[in-house]
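Asker: Starting off with a structure, shown below.
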Amino acid sequence: MPLLSNLLSRDIPKNFYKFQFQLYSGLFLLGILGFLYLTSPIVSRRTYLSENALSPGLVSSDLYISVEHIRNIMGRLRTGFKNNDIADVIQLMLNENGIEAYKQDIGRNSTDKPEENIYGIVRAPRLASTESIILVAPLYVRTQTKPQQNKANLFGIAHTLAIGFALHRKPYMSKDIILLFPAAQEYGTRVWLDAYYNSNPQASLLDAHAGSIQAGLALEFPYEKFYSIDLRHNGINGQLTNLDLINTVVHLCEKNSIATTFYGVYVELSTNEAFINYIIQSTRTLLLNVFTLATGISNGVHGQFLRYRIEMITIFGSLDKHHEYQNSPVTMRAFDDVIEGFIRSLNNLLERFHQSFFFYLHINRRNFVSIATYMVPLGLIALPALIRSLVIYMSFFTSSSTDSVAMHGRTMKFDAEYSPIFIEIFQCLAFSYVLTWIPLKLSLLGVCLITMLLSPFILRRFRSNVHQFDHFQFITLLIGSALLGCLSLLNFSMALLTACFLMPCYLIAGGIKLDHWFIKFSCRFLFITFLNPLVFLALYHYLAQIIMAGTFVFPDFAQFSNDLDTYFASYHLYNTWTVDVVCLTIVPIWLLLYRSTFGIQF
């Protein structure tokens, strides 16, 4: 406090005002460059297993599952899908092998046909049912080439059943194994979890339970032949799986010579690879990590388990080849060794995952960045708002008592009227709150665009003098800084994109103090075009498509519309709070800054 009092008692050096634009812009650009520099081997860290109990499962395999056995299972499953009685077929196969099998009704689908989840429980022979591991194989999964198209998960279901049959009555199993086959992907998984943990009074009760679920694996394989495995770990609202679980799967895949990717991007780690290629592919992985996590949507059924703090990832069979000499697909033997090693590693755990990281960004399968490192670039990007708010706050006070108002032992240069400021903030909040109640996508976008552009003419204009405008700027800067601080702890990726959007808005809105018609008109034009939230959303989606494709692509408005449909469905079904954050915090701040260009000063 003495330091702050001493700081406030002095005036700001006049030379500072000459270079403050350069300072704010430099910090913003330095933060952007610092974020991209995270891909450097100097900054990123090598992955490792923090939990030593996971290591024994990486040593040797004990099971042998013949190819003929797998093909026999897949043949019966194919018949079940063809006859629309796949639930009965799976339940019959589980019962034939001495495994408890049950069904759960989850309602009717779009064709008014009842859908059912099927689950079986492989009881541990040596211990009571206190803990369990879960394997999830959805009945239908999205394809790689056309995400909107669903295909039967024959390969994933067959191997899940085969592993369950092989581990039945194995003497070394100390945890139950739950085999879950949800009918409606994420929705069916959520219904089953709500019933398992009795978290939804409307959910139907399950016929049987196993032990407390420690961790698990989801298998999504739309193709019977695949050449690599894509690891998917994004959870709902930016949640992430414990890093030890992902490292275990990566170790097992590398042991069995299976290429692994994140977001479909493969990074060659051999010394023969050019360093520039390593940086480019690592940067793609990092950016896709941020862009996908910012949406708050999970990229697999594992996201429903993370809500209950069950460590889970999804492995997806990809058609992409990542080696020139790779002509044959992944063998069934190698894939079964990965699943067996994963289960036996989890079987050795005596406690839940807690030692490794829960907040991280992947650079590639062997390198990551922890929260202590990636928070620094975000701090540099948001620092201009804090510095500017401090400068404005210091300008309120003076070291002399001439023409000043005494206040709490300090002297203020002027007395400000706060009621117009808070009325303006309340108007923008109420205006944005209405947007959260619009259910349809097209209606939402249309109403957003119309209301945001016409709000200066619909609502009462903000009238202020120069001193009141300084207070208004100070309050909006504090609101934005507090938003970024809170959001960075909940979803860093969303906070980073929000900072990249709001900081230029603050910079442009600060020029309104120069009361000139051309400056005001230019600022309004920038807010309507380049700094519009809808334009930023479209640009964000387009950049994500370019980075994911790895080459230049033309804007696909149909894909943009489909992705919005998927997002709004997730918002209503799975309680993602991204829409609430955008409508109740980001849009009101943008409206405040945009409407300030129409303010009347006197």
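The values are calculated or read from the model by the stated rules, or taken from the named source; none is laboratory data. Note that this is a predicted model, so its numbers are computed, not measured. Every residue, glycine as well, gets a Cβ built from its backbone with ideal geometry; the counts of neighbours run over all protein chains shown. Note: areas computed on protein heavy atoms with side chains; ligands, DNA, RNA excluded. Shrake-Rupley method; radii C 1.70, N 1.55, O 1.52, S 1.80 Å.
Asker: Output the residues belonging to region 63-107 that are of a type outside the set (D, E, K, R), exposed (fewer than 13 other Cβ atoms within 10 Å of the Cβ) and under 36 Å from the mean Cα position of the chain (by Cα).
Answerer: Asn84
Asker: Look at region 150-167 and say how many of its residues are open to solvent by 10 Å² or more (accessible area, probe 1.4 Å) and in contact with a Leu (Cβ under 8 Å, 6 or more places away or on another chain).
Answerer: The initial filter retains those residues of region 150-167 that are open to solvent by 10 Å² or more (accessible area, probe 1.4 Å), namely 150-152, 154, 165-166.
Next, from what is left, pick out any that are in contact with a Leu (Cβ under 8 Å, 6 or more places away or on another chain): 152, 154, 166.
Counting residues in region 150-167 that are open to solvent by 10 Å² or more (accessible area, probe 1.4 Å) and in contact with a Leu (Cβ under 8 Å, 6 or more places away or on another chain) gives 3.
Asker: Then there's this: Scan region 468-496 and report the pairs whose first residue is part of a helix (DSSP H, G or I) and whose second residue is crowded, with 18+ Cβ neighbours inside 10 Å and of a type in the set (Asp, Glu), with Cβ atoms within less than 8 Å and a gap of 6+ or a chain change.
Answerer: Phe472/Glu424
Asker: Please determine, by comparing only the residues of region 110-169 that are part of a loop (DSSP other than H, G, I, E, B), more than 24 Å from the chain's Cα centre (by Cα) and of a type in the set (Val, Ile, Thr), which one is modelled with the highest pLDDT.
Answerer: Per the criteria, the residue is Thr130.
Asker: Here's something else I'd like to know. Confirm whether Asp403 is modelled with pLDDT of 55 or more, of a type in the set (D, E, K, R) and assigned to a loop (DSSP other than H, G, I, E, B).
Answerer: Numbers: modelled with pLDDT of 55 or more: no; of a type in the set (D, E, K, R): yes; assigned to a loop (DSSP other than H, G, I, E, B): yes.
No, not satisfied.
Asker: Moving on to the next point. Which residues, counting only those in region 121-175, are in contact with a His (Cβ under 7 Å, 6 or more places away or on another chain) and without any contact (Cβ under 8 Å) to a residue 60 or more places away in the chain?
Answerer: Val122
Asker: What's the total number of residues in region 376-388 that are open to solvent by 50 Å² or more (accessible area, probe 1.4 Å) and within 27 Å of Thr47 (Cβ to Cβ)?
Answerer: 1
Asker: Quick one: would you say Ile519 is of a type in the set (Val, Ile, Thr) and within 20 Å of Leu591 (Cα to Cα)?
Answerer: On the way: of a type in the set (Val, Ile, Thr): yes; within 20 Å of Leu591 (Cα to Cα): yes.
For Ile519, the condition - of a type in the set (Val, Ile, Thr) and within 20 Å of Leu591 (Cα to Cα) - is met.
Asker: For region 55-70, which residues satisfy the criterion of being modelled with pLDDT of 85 or more and part of a helix (DSSP H, G or I)?
Answerer: Answer for region 55-70, where residues must be modelled with pLDDT of 85 or more and part of a helix (DSSP H, G or I): Val67, Glu68, His69, Ile70.
Asker: Do the conditions hold for Phe560, that is, is it under 21 Å from the mean Cα position of the chain (by Cα), surrounded by 14 or more Cβ atoms within 10 Å (Cβ to Cβ) and either part of a helix (DSSP H, G or I) or assigned by the TED database to the domain that holds Phe35 (or both)?
Answerer: Details: under 21 Å from the mean Cα position of the chain (by Cα): yes; surrounded by 14 or more Cβ atoms within 10 Å (Cβ to Cβ): yes; either part of a helix (DSSP H, G or I) or assigned by the TED database to the domain that holds Phe35 (or both): yes.
So Phe560 fits the description; yes.
Asker: Here's a follow-up. Sort out which residues of region 217-242 are among the β-branched types (Val, Ile, Thr) and touching a Leu at 6+ places or on another chain (Cβ under 8 Å), and write them in order of number.
Answerer: Scanning region 217-242 gives Ile236, Thr241.
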